[in-house]
Amino acid sequence: MKALTANRLLDGEVVFWNAGDWKTRFGEAQLFEGEEAAQAAVAEANQPTVIVEPYLIDVAAEEGGFAPVAFRERIRALGPQNHPQHGKQAEGGHDIEVIQHAHGVARSAGRHNLIKLKK
Amino acid sequence: MYRYDAIDKAFVADRTAEFAGQVARRLSGEITEDQFKPLRLMNGLYLQLHAYMLRVAVPYGTLSPVQLRQLASIARTYDKGYGHFTTRQNIQFHWIKLADTPAILNELAEVEMHALQTSGNCIRNITSDPRAGATAEEVDDPRVWSEVIRQWSAIHPEFSFLPRKFKIAVTAAPKDRTAAKLHDIGLILRRARDGSLGFEVIAGGGMGRTPYVGPTIRQHLPVGSLLSYLEAILRVYNRHGRRDNIYKARIKILVAQLGAEEFARQVEAEWEQIDQPSVDLPDTELARVRGFFDTPAFVSLPPKSEAFEAAKAADPALARFARNNVHPHKQPGYAIVDISLKAPGETPGDATAEQMDVVADLGERYSLGEIRVTHEQNLVLPHVRLDDVAAVFAALKAAGLATANINLVSDIIACPGLDYCALANARAIPIAQDIALKFAEPEKAELIGELKIKISGCINACGHHHVGHIGILGVDKKGEEFYQLTLGGSAAEDAEVGKILGPGLPANKVADAVDQLVDVYLRERKDGERFLDTYRRTGLTPFKEAVYAEAH
């Protein structure tokens, strides 16, 4: 399963695509079963004055819901671990708790074509 | 401190206005992200995991109270009430909105600050000794030369598009607090036998994926020739540094491939070609810059403060603070006071807006208006009267800033890591927190003595792991966070790159492994040996046996 994510241009906020709209909570992300539907969303979501660098992430079923597979993407969906009062995790809620309790980590599958080099 | 003249002011104002225009054009869609990205990076603005990050230059680590208060105000108004001091003496804000950036840059310009030279393939903000102008060790004030290099390098037309970023450190003391040998160029001021001042010039040091301790390419460069010689080095690098492979683009690769001798020969040949008088600073201009760093208004005091001695005798916590955070000053009756941003359990290098205000007030009231930032992510009050140390300590304590752990096991350098950084493979901050909490007991930390732990969340090495006495590198191993430990690194005058201890450890084993390494040290150490000295004598074996015997 995949979801489409990006950062909002204006403030850098992490956002998730859902049927024509960008949502700020992972729990509101549209989940794509097949590659075709995911790619169609990528094409539709190309809104360069709204978001920056959209990309697909892997999502897996977890107890009580869904969570990004990659640890990196979980941190994006939650916020930094050193400041639990910062980021989306501060709002709490079921979708946040599912990610916080998710098992298994596979960061390298998180973001495709990511060049990890400082610029 | 250096104060902007009309040219500096106009230049920063122009750049700020220019960037405001660029932001407006990006938001309106007139320019694309691909076009905008290099422009925002030239203004210190990165896009990270949760928001934009703005890295503000703190020139060679010097701040005035007015500037620090403005940083606090920016933290409060535009961020979540805190800032993060970096391993290059800068400060970065992690929750910045693109739309707010022009206003922030305006507010920085009001206090003679900016975010230029904190990103991009240019000459970056200069690193210098945080004890400059205060320590008796130095042969000259390295801030004078740092400021000269700052003025020369700011939007230098020839060196704004180098093969890769370029970092320079300047120190004037034999005890190196700048990691000079790990910079693209390290400059160490020394006095020759004939009394003349010169720079030992080190080139091609660096960390990242290919760490090198830089070789010396010139033993004694007369100070007056600094700029023309730097220009010669930069020219050779600009001409021959690799642009085809980003992993091999830093000057360290060029120096290593040519060999230090051949590189030095090419630099000298280039230097001969340069019209040196047209590049080097005229004495009058040097005198003008030097004037900004005149000795501050010290008063005559006895070398020993009875009040301070009595206060220490009455308060063991103050005595501990004095042992670890208070250092000798060149002026009798004064001290250099380090402020640790490493309270166990907190984020290394973070300061809240309230804490910044407290330090600004202390700087104003007790440190002749000066505050410094160290590359080890701490702050310094460079000119405190011994008579005032107890009052400073009390104020710091009330603000949660009196941790007495400078250079101890809990004074850990850590990059922001995967909690913030788009480049990271693994978290660094939570690892630092685990370790610091394990050694939170001050008696234990003091018993262990100097031990520098440095943690990076990826191979780019912002956390300086290569040169930690214990270095910790977060790696992504088949999709999981693992941490590779190195031992025996040093960023000081005895610079060395650490050696890998063994296979990587999972996150929850790292603090235990550090504990085991410390146990080996305490068992093996001989009189007066630091952790690093014991390691150098015994080698890896006893340490390796302890950690991996347990790990299996």
task = Could you tell me whether any residue of the stretch B:270-283 is in the same structural domain as residue B:199 (by TED's automatic domain parsing), over 19 Å from residue B:148 (Cβ atoms) and touching a His at 6+ places or on another chain (Cβ under 8 Å)?
result = no
inquiry  = Could you go through the stretch B:136-151 and let me know if any residue there is in the same structural domain as residue B:243 (by TED's automatic domain parsing), touching a Gly at 6+ places or on another chain (Cβ under 9 Å), assigned to a loop (DSSP other than H, G, I, E, B) and within 20 Å of residue B:291 (Cα to Cα).
reply    = yes
ask   = Are there any pairs, at least 6 apart or on different chains, whose C-beta atoms fall under 9 Å, with the first in the stretch B:297-324 and under 21 Å from residue B:365 (Cα atoms) and the second among the hydroxyl-bearing types (Ser, Thr, Tyr) and surrounded by 14 or more Cβ atoms within 10 Å (Cβ to Cβ), and if so, which?
value = B:298/B:334; B:301/B:334; B:311/B:305; B:321/B:403
task = Search the stretch B:98-124 for residues that are closer than 22 Å to residue B:65 by Cα and touching a residue at least 24 places away in the same chain (Cβ under 8 Å) and pair each with any residue that is part of a loop (DSSP other than H, G, I, E, B) and of a type in the set (Phe, Trp, Tyr) when their beta-carbon atoms are under 8 Å apart and the residues are at least 6 apart or on different chains.
result = B:112/B:4
note = For residue B:206, the lone unmet condition from (1) more than 21 Å from the chain's Cα centre (by Cα); (2) within 14 Å of chain A (Cβ to nearest Cβ); (3) closer than 20 Å to residue B:492 by Cβ is (1)
task = Looking for whichever is over 26 Å from residue B:486 (Cα atoms) and under 25 Å from the mean Cα position of the chain (by Cα) here; the options are B:212, B:229, B:247. Which one fits?
result = B:229
message = Residues that are modelled with pLDDT of 95 or more and within 30 Å of residue B:465 (Cα to Cα): does the stretch B:357-364 have at least one?
response = yes
key: helices (runs of 4 or more DSSP H) lying entirely in the stretch B:262-356 (those with 1 or more residues that are crowded, with 20+ Cβ neighbours inside 10 Å)   = B:306-314, B:316-325
remark   = Scanning the stretch B:446-469 residue by residue, those more than 16 Å from residue B:498 (Cβ to Cβ) and surrounded by fewer than 24 Cβ atoms within 10 Å (Cβ to Cβ) turn out to be B:446, B:447, B:448, B:449, B:460
task = Please go through the stretch B:474-493 and pick out each residue that is over 18 Å from the mean Cα position of the chain (by Cα) and touching a residue at least 24 places away in the same chain (Cβ under 8 Å).
result = B:474, B:475, B:476, B:477, B:480, B:481, B:482, B:483, B:485, B:487, B:488
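So that you can scan it fast, the table gives a plain yes or no per residue for (1) farther than 30 Å from residue B:469 by Cβ; (2) of a type in the set (Lys, Arg); (3) assigned by TED's automatic domain parsing to the domain that holds residue B:175; (4) touching a Gly at 6+ places or on another chain (Cβ under 7 Å):
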{"site": "B:297", "(1), (2), (3), (4)": "yes, no, no, no"}
{"site": "B:314", "(1), (2), (3), (4)": "yes, no, no, no"}
{"site": "B:318", "(1), (2), (3), (4)": "no, no, no, no"}
{"site": "B:324", "(1), (2), (3), (4)": "no, no, no, no"}
{"site": "B:369", "(1), (2), (3), (4)": "yes, no, no, yes"}
{"site": "B:377", "(1), (2), (3), (4)": "no, no, no, yes"}
{"site": "B:386", "(1), (2), (3), (4)": "yes, no, no, yes"}
task = Within the stretch B:91-116, track down each residue that is closer than 22 Å to residue B:351 by Cβ and assigned to a loop (DSSP other than H, G, I, E, B).
result = B:97, B:111, B:112, B:113, B:114, B:115
Check on residue B:201, closer than 18 Å to residue B:269 by Cβ and hydrophobic (A, V, I, L, M, F, W, C) = yes
ask   = If you check residue A:59 against the conditions, is it touching a strand residue (DSSP E or B) at 6+ places or on another chain (Cβ under 8 Å), surrounded by 14 or more Cβ atoms within 10 Å (Cβ to Cβ), outside any helix (DSSP H, G or I) and within 14 Å of another protein chain (Cβ to nearest Cβ)?
value = no
query = If you scan the stretch B:14-52, which residues turn out to be at the interface with another protein chain (Cβ under 8 Å from one of its Cβ atoms) and among the aromatic types (Phe, Trp, Tyr)?
reply = B:52
note = Flagged in the stretch A:36-53 as in contact (Cβ under 8 Å) with a residue 24 or more places away in the chain and either among the basic types (Lys, Arg) or away from chain B (no Cβ under 11 Å) (or both), in numbering order, are A:38, A:41, A:42, A:44, A:45
query = Assuming residue B:494 fulfils every condition listed in (1) touching a strand residue (DSSP E or B) at 6+ places or on another chain (Cβ under 8 Å); (2) among the acidic types (Asp, Glu); (3) under 17 Å from residue B:407 (Cβ atoms) apart from one, which condition is it?
reply = (1)
query = Tell me, which residue of the stretch B:232-257 that is touching a residue at least 60 places away in the same chain (Cβ under 8 Å) and not in a loop (DSSP other than H, G, I, E, B) is surrounded by the fewest Cβ atoms within 10 Å (Cβ to Cβ)?
reply = B:246
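Every residue, every condition in (1) loosely packed, with under 15 Cβ neighbours inside 10 Å; (2) more than 15 Å from residue B:448 (Cβ to Cβ); (3) among the basic types (Lys, Arg); (4) modelled with pLDDT of 95 or more, yes or no:
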{"residue": "B:481", "(1), (2), (3), (4)": "no, yes, no, no"}
{"residue": "B:486", "(1), (2), (3), (4)": "no, yes, no, yes"}
{"residue": "B:500", "(1), (2), (3), (4)": "yes, yes, no, yes"}
{"residue": "B:510", "(1), (2), (3), (4)": "no, yes, no, yes"}
{"residue": "B:519", "(1), (2), (3), (4)": "yes, no, no, yes"}
inquiry  = Take the residues in the stretch B:139-170 that are touching a Pro at 6+ places or on another chain (Cβ under 9 Å) and of a type outside the set (A, V, I, L, M, F, W, C); name whichever of them is farthest from residue B:338 (Cα to Cα).
reply    = B:150
key: Test: residue in the stretch A:78-97 that is at negative phi, within 10 Å of another protein chain (Cβ to nearest Cβ) and modelled with pLDDT under 90   = no
Positions within the stretch B:64-103 being farther than 30 Å from residue B:184 by Cα and away from chain A (no Cβ under 12 Å), in sequence order = B:65, B:66, B:69, B:70, B:72, B:73, B:74, B:75, B:76, B:77, B:102, B:103
note = Picked from the stretch A:1-35 (must be charged (D, E, K, R) and assigned to a strand (DSSP E or B)), the residue farthest from the other protein chains (Cβ to nearest Cβ) is A:21
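Condition check ((1) among the acidic types (Asp, Glu); (2) touching a residue at least 60 places away in the same chain (Cβ under 8 Å); (3) crowded, with 24+ Cβ neighbours inside 10 Å; (4) in contact with a His (Cβ under 6 Å, 6 or more places away or on another chain)) across all residues:
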{"residue": "B:143", "(1), (2), (3), (4)": "no, yes, yes, no"}
{"residue": "B:150", "(1), (2), (3), (4)": "no, yes, no, no"}
{"residue": "B:154", "(1), (2), (3), (4)": "no, yes, no, no"}
{"residue": "B:162", "(1), (2), (3), (4)": "no, yes, no, no"}
{"residue": "B:167", "(1), (2), (3), (4)": "no, yes, no, yes"}
{"residue": "B:184", "(1), (2), (3), (4)": "yes, yes, yes, no"}
{"residue": "B:189", "(1), (2), (3), (4)": "no, no, no, no"}
{"residue": "B:194", "(1), (2), (3), (4)": "yes, no, no, no"}
request  = Return the only residue of B:22, B:48, B:70, B:89 being under 19 Å from the mean Cα position of the chain (by Cα) and not assigned by TED's automatic domain parsing to the domain that holds residue B:287.
outcome  = B:89
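The values are calculated or read from the model by the stated rules, or taken from the named source; none is laboratory data. Being a predicted model, the structure only gives us computed values, none of them experimental. Neighbour counts run over all protein chains shown; Cβ positions are idealised from the backbone, glycine included.
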